[in-house]
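Just below is one structure, and these are the notes that go with it.
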Amino acid sequence: MKRLSFVIPVYRNERAVSMTYEQIRQVCASDLTSYAYEIVFVDDGSDDGSLQELLAIRSRDPNVRVVSFTRNFGQMAAILAGLKQATGDVIVQLSADLQDPVSLVPQMIAEYERGAEVVVCHREHREDALSSRMTSRALYAILRLSLPQIPAGGFDYILLDRTVVDAFNAVDVRNRFFQGDILWFGYKTTFIPYTRAKRAVGRSQYTFAKRLKNSLDAILDSSYLPIRFISLVGVLTALVGFLYAIDIVYGRLRHDIPFTGWAPIMILILVIGGLLMLMLGIIGEYVWRIYDEVRGKPNYVVRNVF
């Protein structure tokens, strides 16, 4: 009998984790009887009652495992820890906030049994706030310029074959872009669209700062576009400056003064200065990631594994 592992990051999901567990248990009992199941909850330093709730579930069900971090390290770190701990032949990664329908798991398993090594459930529609939908759409529009196979709505809900998980775990880097890494491997992938539901319990902990950090990680980790953007802007700026210099020389030869006053000079200084600051900022993001990688700090610190 094959083992099916569920990896579920948890951060301030009190009450929701019990509901998620019950849905998984019911689906496994009714539709996936040919698979043994394992649920790996990773508590990402929750400061509510999530960990206690998880331990209560663990005491009732020996198929449940709980990984507890020393503090909040972020969703990506929780996913990494969960994939390291999962022992199944097939691994499903989903959220603990009930926005990913557990009812899709039998369909994902069916695709896996037909030969898919990666089954991606991507967000075709989402019942989130307008600001979240707009920022998500803008981010993935940028990512699709260099990673066209990524769905327009992105994804977090995914099934992975053991081979894929082993390959993913073998890559030990920081500031990872989970979606880009999985698609980069090139394993046989099937896509299933779904509508992401509203959060039924609690409120999202995905703040603007976290969204911005993850967006930068996604763009810088999976795309060469920022560097190409710097090169393109530099070339265009140099070309405009060269043409303007020719015009000034031509005016001098005709004994013309191209301008009087300081306004054109100030405009040029501000425009070129702004472009230089933008370029330095982008380069700085890459330099920080190089520095962060060289330091060799772990992505997370585990306090206990139950």
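A compact table of results
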quantity	calculated
Out of SER5, SER59, sole residue that is assigned to a helix (DSSP H, G or I) and out of contact with any Leu (no Cβ under 7 Å at 6 or more places or on another chain)	SER59
Lone qualifier among LEU32, LEU55 - being more than 26 Å from the chain's Cα centre (by Cα) and either more than 25 Å from VAL119 (Cα to Cα) or of a type in the set (Phe, Trp, Tyr) (or both)	LEU55
Only one of PRO101, PRO193, PRO151, PRO106 that is in contact with a His (Cβ under 9 Å, 6 or more places away or on another chain), open to solvent by 20 Å² or more (accessible area, probe 1.4 Å), farther than 28 Å from ARG295 by Cβ and in contact (Cβ under 8 Å) with a residue 40 or more places away in the chain	PRO193
Residue match in segment 13-23 (condition: of a type in the set (A, V, I, L, M, F, W, C), in a helix (DSSP H, G or I), within 21 Å of VAL305 (Cβ to Cβ) and open to solvent by 20 Å² or more (accessible area, probe 1.4 Å))	no
Options ALA81, ALA36; residue that is crowded, with 22+ Cβ neighbours inside 10 Å and small (Gly, Ala, Ser)	ALA81
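The values are calculated or read from the model by the stated rules, or taken from the named source; none is laboratory data. These numbers were taken from a predicted model, which means no experiment stands behind them. Cβ sites come from the backbone with ideal geometry, for glycine too, and all protein chains shown count toward neighbours. Calculation scope for accessible area: heavy atoms of the full protein, side chains included, ligands and nucleic acids excluded. Shrake-Rupley method; radii C 1.70, N 1.55, O 1.52, S 1.80 Å.
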